[in-house]
Amino acid sequence: MGAGAKVFYAIGVFLTITAVIYAFGTNYVGDDAYLYGYEWAGGVALILASAFSFMLGGYLNFTENRSDVLPEDWEEAEVEDGAGVLGFFSPGSIWPLAMTGGICLMAFGIAFWQLWLLALGAVVLIWATTKLNLQYGIPREKH
């Protein structure tokens with residue numbers, strides 16, 4: 001079991017214990033009779049957070065068992081052992097800015113409930129995402 005899975009399993013155990021204490025605290029602790037009863041918003045949030053952390057821990061456990069030993073798992077590892085190529089990032093692309101503009105238009109459309117602005121933002125976002133993905137698929141003379 002890798003370090004990532006252990007961390008999320010530990011978070012899940014902590015949140016489960018916290019949810020039990022929270023349920024006890026909201027059910028049996030209070031000054032007035034009308035305050036007794038389970039407080040659903042916080043309790044459900046704690047239960048879901050613990051379930052999600054167990055799910056993520058299980059996923060990391062499953063994927064770490066199928067992969068090679070990572071530099072994070074070595075006790076004698078140096079920082080340089082984890083270095084490598086992160087990927088190719090376009091240095092002068094305008095399309096991430098256009099995508100951000102589309103997301104901003106969509107957010108304004110939702111905030112002010114203007115469906116035409118939401119639709120315009122979706123069109124801009126789809127257009128900019130397509131142009132970003134096809135940016136280096138077009139021959140050099142067409143740029």
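The values are calculated or read from the model by the stated rules, or taken from the named source; none is laboratory data. On a predicted model such as this, the values are computed, not experimentally measured, just so you know. Note that we place each Cβ from the backbone using ideal geometry, even for glycine, and neighbour counts take in every protein chain shown. These accessible areas exclude ligands, DNA and RNA; they are computed on the full protein's heavy atoms, side chains included. Shrake-Rupley method; radii C 1.70, N 1.55, O 1.52, S 1.80 Å.
Couple of notes before you dig in:
- Heavy-atom surface of segment 88-143, accessible at 1.4 Å and reported per residue (Å²): 78
- Dipole check for the chain: with +1 at the C-beta of Lys and Arg, -1 at the C-beta of Asp and Glu, and the Cα centre as origin, the magnitude is about 1000 Debye.
- Solvent-accessible area, 1.4 Å probe, carbon plus sulfur percent, for segment 69-123: 71
- Debye equation applied to the C-alpha atoms of segment 3-69, log10 I(q)/I(0) at 0.16, 0.23, 0.26 Å⁻¹: -0.59, -0.87, -0.99
- Interatomic Cα distance distribution for the chain, bins of 5 angstrom, percent: 2, 8, 9, 8, 7, 7, 12, 16, 13, 8, 5, 3, 1, 0, 0, 0
- GNM flexibility winner over the chain from Leu60, Leu117, Leu70 (Cα, springs under 10 Å): Leu117
- Estimated [θ] at 222 nm from DSSP helical runs (n ≥ 4, -39500 (n - 2.57)) normalised by residues in the chain, nearest 500: -21500 deg cm²/dmol
- 3J(HN,Hα) from dihedral phi, segment 113-127, Karplus parametrisation 6.51/-1.76/1.60, rounded to Hz, x for glycine, proline: 6, 10, 5, 5, 6, 5, 5, 4, x, 5, 5, 5, 5, 5, 5
- Above 17 Å, the calculated P(r) of segment 94-134 contains 25 percent of its Cα-Cα pairs.
- Folded to 0 to 90 degrees: helix 95-111 orientation relative to the chain principal axis, Cα: 50
- For peptides 78-86, 45-53, sequence by mean Cβ density within 10 Å, most packed first: 45-53, 78-86
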